[in-house]
Amino acid sequence: MLCNVDGDIYAIEDVCTHDGGELDQGWLEGCRIMCPRHGAFFDVTTGAALTPPAVMPVATFKVRLEGNDIFVEV
Ligand code: FES
């Protein structure tokens, strides 16, 4: 999943580490995204789990921009 945080693009895995919620269906506010299933927050810039019930970080991926193209290292 790609996230635009103040013009910077971040890529994270689209699966909540708590119970598999689809983070792309959540709400992005600044650098925090809320899982729509049970409300855990993650920092999309680091993958860190910020609030319960999630405790494990989500995977993050390196992003490179070239013109209008976005490349994600997986
Ligand atoms: S599945 Fe994301 S908080 Fe539970």
Just the isolated ones, please: cysteines in the chain lacking another cysteine beta carbon under 4.7 angstrom.
-> CYS3, CYS31
Roughly what would the spin-label model give for ASP24 and THR45, points 7 Å off Cα along C-beta, in nm?
-> 2.4 nm
Once the dipole of the chain is set up from charges on Cβ (+1 Lys and Arg, -1 Asp and Glu), the residue from the list ALA54, PHE71, MET1 lying farthest towards its positive end is ALA54
For the chain, alpha-carbon Rg relative to the globular expectation (2.2 N^0.38 Å, N residues) = 1.05
Would you kindly derive the ³J(HN,Hα) couplings of segment 34-47 from the backbone phi angles with the Karplus curve 6.51 cos²θ - 1.76 cosθ + 1.60 (θ = phi - 60°), listing them in order in whole Hz, with x for Gly and Pro?
-> 9, 5, x, 7, 10, x, 5, 10, 10, 8, 6, 7, 10, x
Computed FRET efficiency, Cβ-Cβ of VAL5 and ALA59, R0 30 Å: what is it to the nearest 0.05?
-> 0.95
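Here, each number is a calculation from the coordinates, and none is a lab measurement. In this text the structure is predicted, and so the values were computed from the model without any measurement. Note: ideal-geometry Cβ built from the backbone for every residue, glycine included; neighbour counts use all protein chains shown.
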